[in-house]
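The values are calculated or read from the model by the stated rules, or taken from the named source; none is laboratory data. What you see is a predicted model, and the numbers here were worked out from it, not measured in a lab. Cβ placement follows ideal geometry from the backbone for every residue including glycine, while neighbour counts extend to all protein chains displayed.
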Amino acid sequence: MAPNLSLRSLLESDKLRGSNFDSWYRNLKIVLEHERILYMLTDLAPKEFAPNACGAVQDTYLKWLNDRTMVYCIIQVAMNDEFSHKFEKAQSEEMLKVLNDFFGTLDDAE
């Protein structure tokens, strides 16, 4: 059995406190890439499916909802208490936009 590699410790050991935004964001992207959910920062949300949509369409949307929740949780635990409380009700996209506007520039090459 392969050892369990947890890159989340990158974020746990250096929580976002503001001045470390650039390195924190870089580490966030590494963790999300490792977990195969980095697309949540770059891709548009799929449209909600119609009640009669095929199973594959429903599965794709439900996977996106699950991944969105995962990204939200990863970001929340990777912030100090001040930021975590401030963004408690925000979605990931909103959090990152506000943080970028305040602390720096996110990579355009994502």
Inset, instruction - Give me the pairs, please: first residue somewhere in the range 41-60 and closer than 27 Å to V31 by Cα and free of Cβ contacts under 8 Å to residues at least 24 places away in the same chain, second residue anywhere and among the β-branched types (V, I, T) and loosely packed, with under 10 Cβ neighbours inside 10 Å, beta-carbon distance under 9 Å, and either six or more positions apart or on two chains. - result: none
Inset, instruction - Determine which single condition L10 fails, assuming it passes every other condition in (1) outside any loop (DSSP other than H, G, I, E, B); (2) closer than 18 Å to T69 by Cα. - result: (2)
Legend entry - Per-region count, the range 27-54, residues at pLDDT 90 or above and surrounded by 13 or more Cβ atoms within 10 Å (Cβ to Cβ): 14
Legend entry - Identity of the residue in the range 9-22, among the polar types (S, T, N, Q) and either surrounded by 13 or more Cβ atoms within 10 Å (Cβ to Cβ) or closer than 22 Å to H85 by Cβ (or both), that ends up modelled with the lowest pLDDT: S13
Inset, instruction - Exactly one condition in (1) among the β-branched types (V, I, T); (2) part of a loop (DSSP other than H, G, I, E, B); (3) over 22 Å from S23 (Cβ atoms) is not met by V57; state its number. - result: (2)
Inset, instruction - Give the residue that is surrounded by the fewest Cβ atoms within 10 Å (Cβ to Cβ), with candidates limited to residues of the range 78-104 that are in a helix (DSSP H, G or I) and under 11 Å from the mean Cα position of the chain (by Cα). - result: E94
